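Following: one structure in structure tokens, then a few remarks.
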Amino acid sequence: MILAWVISLLLLCSSLIAYLERLTSLRVLEAKVIEQAQERFIFAEKSVLECEKNIINISTLSENNCFMQSAGKGLWLISSKEKPSIHIHILVDEKSGAVTRLNWRQAFE
């Protein structure tokens, strides 16, 4: 009877160890996925920011990493090409050349 009890405790401990190993590997995977998502978001924001800074001189961009659409009267919609997609609305004052970001959003697909 005692032998069965000891064996059941050993099996319980071994299953607990296996569960903890799986949980640890999932936590490591979760951290890597979060890190990659943050890197992609930062890259998308940098590309949109570069397009925003060079909206007046679009031809000076060596690489165009975003879509630009005119919304009329100095309003522009800029979207990143890479995922996650970031959309911003900006207002360009043609007299002074000042660019003002009105809003931004992350588009989920």
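The values are calculated or read from the model by the stated rules, or taken from the named source; none is laboratory data. Remember, predicted model here, so these are calculated numbers, not experimental data. Cβ atoms come from the backbone with ideal geometry, glycine included; neighbour counts cover every protein chain shown. The area values use the complete protein model at the heavy-atom level, side chains included, leaving out ligands, DNA and RNA. Shrake-Rupley method; radii C 1.70, N 1.55, O 1.52, S 1.80 Å.
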Requested in this report: Scan the stretch 77-104 and report the pairs whose first residue is in contact (Cβ under 8 Å) with a residue 12 or more places away in the chain and under 18 Å from A37 (Cα atoms) and whose second residue is aromatic (F, W, Y) and surrounded by 13 or more Cβ atoms within 10 Å (Cβ to Cβ), with Cβ atoms within less than 6 Å and a gap of 6+ or a chain change.
Outcome: S79/F67; P84/F41
Query raised in the report: How many residues are assigned to a loop (DSSP other than H, G, I, E, B) and surrounded by 10 or more Cβ atoms within 10 Å (Cβ to Cβ) if we restrict to the stretch 93-108?
Result: 3
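Here is a yes/no grid of residues against (1) open to solvent by 80 Å² or more (accessible area, probe 1.4 Å); (2) among the hydroxyl-bearing types (S, T, Y):
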site: E21; (1), (2): yes, no
site: Q69; (1), (2): yes, no
site: S85; (1), (2): no, yes
site: L91; (1), (2): no, no
Report task. Identify, from the list E45, E35, the residue that is of a type in the set (D, E, K, R), free of Cβ contacts under 8 Å to residues at least 24 places away in the same chain and out of contact with any helix residue (DSSP H, G or I) (no Cβ under 8 Å at 6 or more places or on another chain). Result -> E35
Requested in this report: Determine which member of the set S70, S79 is touching a His at 6+ places or on another chain (Cβ under 6 Å), of a type in the set (G, A, S) and either part of a loop (DSSP other than H, G, I, E, B) or closer than 25 Å to R105 by Cβ (or both).
Outcome: S79
**Report entry** Residue match in the stretch 45-65 (condition: loosely packed, with under 15 Cβ neighbours inside 10 Å and in a strand (DSSP E or B))
**Finding:** no
